[in-house]
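Working notes, structure below.
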Amino acid sequence: MLLWLPFCVMLAFYSLLVWDAGYRQLPINADPAEARLLDKVEAAGNRGAPYRDVAGDAMRAYPLWNNLTAMVTGTRFGFGSNGNTDPVRYYSTMTPVQKSVLSVHMVLGGLLLILGIFQFTPGLRKRHRKAHRAIGGVYILSCYTMAFAAMYHLVHTGIANTYQGFAFHIQLWFLAASTVLAQTLAIIFLKRRNIALHLGFQIYTFMAFLNAPIQRLDWAVLGMVYPHLTQGEVNNLVNILTFWQCLLIGYAVFAWNRASCPVRREPVVLAPQPIAFKVLVALAAGAAAATSLAMYMSQPGLGGWSAARAIAPASTLAADAMLYAGKPLQTAAFGLILCAAILSGVWLMIRNEHSRRARQLFYASAIAAGLQQLVWGWQLGEPSMAVTAGGGFYSVSGLSLAGFALLALHFQLRGNERLWREAMVFAVSFAFAPALLLWGHVLWQALDVIPAYYVARGHGYVLAAGAAILTPTFTGFVRMMSSRETRSRLIS
């Protein structure tokens, strides 16, 4: 609750900001002079002018949240080229219908964040059932309306006018489509009286709405960390971070709601895992282990693979190659310990979870592999248009692998095997992340849908890295909805 209260205050504050942006977007508030003001403020931002020198024009031309960002990061980041001035300028040229739809999307986004606060606070959800159901009806209707408004906007905006183009456009489509799917599944499971899955998928929709405020918070924080970079450069890293952050917040919210429910009196009896599932997981583990060995022992890094060379910019591959140059033993050792983490982790998941040796091997290899990735992330450094996300992938992958392995060890020492297994799903899934990075490049090369203009700017790498981080997080998030710990609770 101590964490939830300031988090809710932040969401309420953001809702006010997004309502301000939505109101300004209405056709009745259109001001033809704004376009000229945007050019003027952008030019001042490129010069690094103090915010006070452009405050009057900026308040007229930009939404309040843009101004707040510029106040804390500086005008170069907040208003300069390769930043959010581009979408604000495009919004001013849209037709009245397009402006109205975008405004509806924004206003409902703020409303859904407020409604979510009430829906996912355990005490309110349990004590006020009628209010929960009434708010839930408004939430569901608003969710569908907001998502379809987003799809309408994406169709009419197209790739060229989406902020940063192809990569962000694809991510927004995934966000909108997965929100509609999750909301539909939440309704289906509610009708089937499976409240755990209903709650889980409903929290997923809330996490989808959280992407907007978390993204803007990341911009502000990273803008202060990297004041010399543009917002577009920082956004290469934010594209990897945001959904990962939101799903972890969603996991915490679900775990909090779950912990407020009583434990079942009767023991939970779980059906054995299907043979087909075990075979599929074993094949995936074998493929990931082989890929990891090849990536770090045979052809270190991405540069030795034709798919990566076709998708990632040469500058990104060159930076990646520098990590392993002159360090064959260290690089090969990483491939071996990552392979050990994958195989021992999957052995525990599908074969014998009580194996002491497998547990010890997994903890040692996962933590070591995670720490090595953190070192590489630090060495790759900050994001840029040349290196795209910089050390973002290795930093997030390493932190997640080592962090969830330590969390699993913590639950083992406390004797909580149900939560141990839940943490292990996350940890083992993140051992796959480096292999998933290469597979993502192979997928985008096979699809051949990324325009050459965006390939040269690293959008293929950003999408592959984002998917390599999202997939393990998504796997853990979905699995927790029907985990042993979840089934041990009477969730209502």
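Below is a table of values for the structure above.
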item: Sorted peptide list for 1-12, 385-396, criterion being average Cβ within 10 angstrom, highest first; result: 385-396, 1-12
item: Student exercise, the chain dipole from Lys, Arg, Asp, Glu Cβ charges, in Debye to nearest 20; result: 2060
item: Gyration tensor verdict on the range 142-238 (Cα atoms; rounded if a/c is under 1.5, prolate if a/b is larger than b/c, oblate otherwise); result: oblate
item: Highest average packing first - 375-384, 261-270, 235-244, Cβ atoms within 10 Å; result: 235-244, 375-384, 261-270
item: Two-decimal log10 I(q)/I(0) for the range 63-174, as the Debye equation yields it once each C-alpha is a single scatterer, q = 0.12 Å⁻¹; result: -0.58
item: Whole-percent carbon and sulfur share, accessible surface of the range 1-56, 1.4 Å; result: 67
item: Using θ = phi - 60° and Karplus 6.51 cos²θ - 1.76 cosθ + 1.60, couplings along the range 103-117 (whole Hz; Gly, Pro as x); result: 5, 4, 4, 5, 5, 5, x, x, 5, 5, 5, 5, 4, x, 4
item: Normalised per residue, the volume of the convex hull around the Cα set of the range 64-128 (Å³); result: 116
item: Heavy-atom SASA rank of 484, 421 (probe 1.4 Å, accessible area, largest first); result: 484, 421
item: Relative contact order of the chain, defined on C-alpha pairs under 8 angstrom at six or more residues apart (%); result: 15
item: Separation in nanometres of the label points that stand 7 Å from Cα toward Cβ, at residue 371 and residue 447; result: 3.7
item: Cβ-based charge dipole, the chain, positive-most Cα from 301, 45, 121; result: 121
item: In Hz, Karplus ³J(HN,Hα) per residue of the range 322-329 (6.51, -1.76, 1.60; θ = phi - 60°; x = Gly, Pro); result: 5, 5, 9, 4, x, 10, x, 5
item: Net dipole in debye of the range 78-200 [+1 Lys, Arg Cβ; -1 Asp, Glu Cβ; about Cα centre; nearest 20]; result: 900
item: Span from the the range 248-265 Cα centroid across to the the range 1-66 one, whole angstrom; result: 37
item: In sequence order, calculated HN-Hα J values of the range 90-101 (Karplus, 6.51, -1.76, 1.60; Hz; x Gly/Pro); result: 5, 4, 5, 9, 6, 5, x, 5, 5, 5, 5, 5
item: Prolate/oblate/rounded label for the range 180-309 (Cα gyration tensor, a/c 1.5); result: oblate
item: Exposure rank, largest accessible area first [144, 461; 1.4 Å]; result: 144, 461
item: Within the range 200-278: Cβ-based charge dipole about Cα centre, in debye rounded to nearest 20 (Lys, Arg +1; Asp, Glu -1); result: 380
item: Whichever lysines have a C-alpha closer than 28 Å to that of residue 99, once near sequence neighbours (fewer than 8 apart) are set aside; result: 40
item: Partners for residue 130 among lysines (Cα-Cα distance below 18 Å; same-chain residues under 8 apart left out); result: 191
item: Under 5 Å, built H, 5+ apart or other chain: amide partners of residue 92; result: none
item: All Cα pairs of the range 223-370, percent lying beyond 18 Å; result: 75
item: Relative contact order of the range 291-400, pairs being alpha-carbon contacts under 8 Å that are 6 or more residues apart, as %; result: 23
item: Area accessible to solvent at residue 365, 1.4 Å probe radius, in Å²; result: 10
item: Portion, in percent, of the accessible area of the range 240-280 that falls on carbon or sulfur, probe 1.4 Å; result: 71
item: Calculated SAXS-style log₁₀ I(q)/I(0) at q = 0.09 Å⁻¹ - the chain, Debye, Cα scatterers; result: -0.67
item: Value of [θ]222 nm, deg cm²/dmol, for the chain, DSSP H segments ≥ 4, -39500 (n - 2.57) each, nearest 500; result: -25500 deg cm²/dmol
item: Solvent-accessible ranking of 191, 40, 327, 99, largest area first, probe 1.4 Å; result: 191, 40, 327, 99
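The values are calculated or read from the model by the stated rules, or taken from the named source; none is laboratory data. None of the values given here were measured: they were computed from a predicted structure. Cβ coordinates were reconstructed from backbone atoms using ideal geometry, including for glycine residues, and neighbour counts include every protein chain displayed. Note: areas computed on protein heavy atoms with side chains; ligands, DNA, RNA excluded. Shrake-Rupley method; radii C 1.70, N 1.55, O 1.52, S 1.80 Å.
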